[in-house]
């Protein structure tokens, strides 16, 4: 069967079919468009047909291919971690800006999602970045690349997630500057004695929220939901950040209505 015939038979939107097929064949999409009449046989065809079937059932493309682009770089992902989203790219941009010009702000990152910052200790110049709930490590690794003068600590409660994050740190050659610790909230860095910026994309969705099928059925719920109002983790982080003697400030992603909780910070 030819490439064009496989795409047609997949019953997927053209873009999704192209992404899956280009990854399976290890070719870019431009090549696919120029070779639509080329035959696909054997193992390659089996992989493509399997991937298309999985996608039709709702499995996210990123979990099928095992990768997702974030901030112009490719990151490894598995169902043990959330799939990186464009709103979190705004979190990274905001953290970089905060490091250069510490100030409180609220900015829209997506519909109903904002990035919020607060200065906790104005006289402190952060020497480290602490990424809590690192997941795939996309935030920690990207900030290590974008801010080479700083070292990064990444934490997560999930050992599986930390394994993926370590792989991504190695993939992008920052494993010498990113340290990983398993634990909840700021507990892994409670004894840290140098100024740091806390950056976090915590779970912030209220329990019971109906999400689209490919999110609800495939992404880790512990990284999505956080109590009746979505604030169980965020409130703990804010309290611990205020109490930690070396936390210079915080930059965090949350829902728009949750930004009022930062007024005490």
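The values are calculated or read from the model by the stated rules, or taken from the named source; none is laboratory data. The model shown is predicted, which means the values in this text are computed figures rather than measured ones. Glycine gets a Cβ as well: all are built from the backbone with ideal geometry, and neighbour counts include every protein chain shown.
Only residues that are in contact with a strand residue (DSSP E or B) (Cβ under 8 Å, 6 or more places away or on another chain), outside any strand (DSSP E or B), modelled with pLDDT of 95 or more and more than 18 Å from residue 111 (Cβ to Cβ) were counted in the range 245-265, giving 1. Residue count for the range 197-244 satisfying the condition of being more than 20 Å from residue 261 (Cα to Cα), outside any helix (DSSP H, G or I) and touching a residue at least 40 places away in the same chain (Cβ under 8 Å): 4. Screening residue 222 on (1) within 30 Å of residue 195 (Cα to Cα); (2) surrounded by 18 or more Cβ atoms within 10 Å (Cβ to Cβ) shows it passes everything except condition (2). Residues that are buried (at least 24 other Cβ atoms within 10 Å of the Cβ) and under 20 Å from residue 194 (Cα atoms) within the range 142-161 comprise 143, 144, 152, 154, 155, listed in sequence order.
Restricting attention to the range 159-181, the residues that are under 18 Å from residue 148 (Cβ atoms) and in contact (Cβ under 8 Å) with a residue 60 or more places away in the chain add up to 3. The residue of the range 8-44 that is surrounded by the fewest Cβ atoms within 10 Å (Cβ to Cβ), among those that are more than 31 Å from the chain's Cα centre (by Cα) and assigned to a helix (DSSP H, G or I), is 42.
Within the option set 189, 132, being within 19 Å of residue 246 (Cβ to Cβ) and without any contact (Cβ under 8 Å) to a residue 60 or more places away in the chain holds for one residue only, 189. Would you mind telling me which numbered condition in (1) surrounded by fewer than 18 Cβ atoms within 10 Å (Cβ to Cβ); (2) in a helix (DSSP H, G or I) residue 165 fails? Going through the list (1) surrounded by fewer than 18 Cβ atoms within 10 Å (Cβ to Cβ); (2) in a helix (DSSP H, G or I), residue 165 breaks only (1).
Screening residue 61 with (1) at pLDDT 90 or above; (2) farther than 30 Å from residue 161 by Cα; (3) buried (at least 18 other Cβ atoms within 10 Å of the Cβ) gives one miss only, at (2).
Candidates 93, 68: the one that is in contact with a strand residue (DSSP E or B) (Cβ under 9 Å, 6 or more places away or on another chain), surrounded by 14 or more Cβ atoms within 10 Å (Cβ to Cβ) and either in a loop (DSSP other than H, G, I, E, B) or not assigned by TED's automatic domain parsing to the domain that holds residue 205 (or both) is 68.
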